[in-house]
Amino acid sequence: MLIVPAGLEGDDPLQLLANHPHVRYDRNSFGGRLVARFLREQQIDVPVALELDELEAIVKMVECGLGVSLFQQLFARCLTKIDD
């Protein structure tokens, strides 16, 4: 699941990832490794803006317009439950 700042134009997730700074999940974590593998498989080289180990912090950084982020679907469901 790709999360982007409100108002960011574009509807192609792969193009958004390639063309905007990436606020990434720590690549040493399980989720971060999954995202890294996906990006490698898609042959997408993303410009990394920040690398964080807290999902909620990543969401806040994206909300502030610092970049886009790619989450594994399981994490997205956990965040939705936290926000409810």
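The values are calculated or read from the model by the stated rules, or taken from the named source; none is laboratory data. On a predicted model such as this, the values are computed, not experimentally measured, just so you know. Neighbour counts are summed over all protein chains in view; Cβ atoms, including those assigned to glycine, are modelled from backbone coordinates with ideal geometry.
Restricting attention to the range 27-59, the residues that are within 21 Å of PRO5 (Cα to Cα) and either exposed (fewer than 14 other Cβ atoms within 10 Å of the Cβ) or over 12 Å from the mean Cα position of the chain (by Cα) (or both) total 8. Looking only at residues in the range 60-70 that are assigned to a helix (DSSP H, G or I) and aliphatic (A, V, I, L, M), the one that is surrounded by the fewest Cβ atoms within 10 Å (Cβ to Cβ) is MET61.
Within the range 60-78, the set of residues being modelled with pLDDT under 90 and out of contact with any helix residue (DSSP H, G or I) (no Cβ under 6 Å at 6 or more places or on another chain) comprises PHE71, GLN73, LEU74, ALA76, ARG77, CYS78.
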